[in-house]
Amino acid sequence: MIDLGLLEDIFEQHFYEIVGLLLIPRLRNAQKKDTALSIADRREMADLLRQSREASARIRVENIIHADVTVELMEILELYAELLLARAGLLDVRDKNIKEGLVSKDAGDEATGLEEAAASIIYAAPRLPRDVRELGLVRSMLIERFGKDFALRAQENEGNIVPERVWKKLSVEPPKSELVQAYLEEIARTYSVEWPPYRQDLAEAQQEVDDEDEGDDGGAKEQPILADGGQPPATPKAKDLSLGPLPPKGQPNVEGSKSPVSVAPPGPRTDNPNPKVNLPGGGQVKPQDKKSQVGGALGAPPTVDDLSSRFRALGKKI
């Protein structure tokens, strides 16, 4: 029979072997085993929902949620163990510098960057629902390395030394009702169970509403009747309100007789006999003579009557 104290001394001298060869593989195997059990439990939950045993399913699904949280916690601890394994050499350098008085203990902890990983393992090891004996051995080694004061602060989580994602997953509070509902709906969807029972009715009602909306868009809508019995003016279509492309600056509009954008000066009034339009640049638009607008560079092309009147005027001059 090998003395347990002798084994612990051997483990303390071989930090790499404990973490790399024992702890990390054990955490990975535990995750695979718990995940397989969770899948089997989900099938049972689907059968309960299929049998309309919702009350029993709501109670038993909490075990699935608890198992998933434990798996996520073991994944986090596995990452911290890999970090400790990668930086284990820094612990020896830290202890040597502290012993020689080159740095203080707090400064040595911050220099290694392992304070968070060590605190998480020290805090989670006695609280982890899964039995991982190697995690307790690594915890004892970290307490020896970082000291009892650090271990007490990590154990009580003083100053939030333990990350939130670790201590929250170790909380003993029951899962929220929203989370339970989400789990049941996901299990029902995965195993093709019609749950909740009214989900199909809601889907059919939503489809009817969508069909009615599509029918309204495709057909002509009835025009409202005004109070006097008349009909409101028809709303112009979008293509009637669209403007054609503007002609280049200094060139006539070849598509029509007028430019699509024009400014008409106001007509003469008693209070303004000579109306003018002020332009943004400070200029003004003056009313043009009608004769100058006929056949102008930017005006409309002359009609047959305009040409006939011009020929008659030329004949009189000759």
Has segment 103-118 got any residue that is open to solvent by less than 40 Å² (accessible area, probe 1.4 Å), within 30 Å of MET45 (Cα to Cα), part of a helix (DSSP H, G or I) and at pLDDT 90 or above? no
Is at least one residue of segment 143-161 modelled with pLDDT under 95, closer than 16 Å to VAL71 by Cα and open to solvent by 80 Å² or more (accessible area, probe 1.4 Å)? no
Residue list for segment 131-160, filter: without any contact (Cβ under 8 Å) to a residue 40 or more places away in the chain and either among the hydroxyl-bearing types (Ser, Thr, Tyr) or not in a helix (DSSP H, G or I) (or both): ASP131, ASN157
Flag for GLU194 being surrounded by fewer than 19 Cβ atoms within 10 Å (Cβ to Cβ) and not in a helix (DSSP H, G or I): yes
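Go through segment 164-191 and report how many residues are open to solvent by less than 70 Å² (accessible area, probe 1.4 Å) and either part of a helix (DSSP H, G or I) or touching a residue at least 60 places away in the same chain (Cβ under 8 Å) (or both).
Matching residues across segment 164-191 total 13.
The values are calculated or read from the model by the stated rules, or taken from the named source; none is laboratory data. Worth saying up front: this structure is predicted, and the values here are computed from it rather than measured. Cβ atoms come from the backbone with ideal geometry, glycine included; neighbour counts cover every protein chain shown. Heads up: the accessible areas ignore ligands, DNA and RNA and are worked out on the full protein's heavy atoms, side chains in. Shrake-Rupley method; radii C 1.70, N 1.55, O 1.52, S 1.80 Å.
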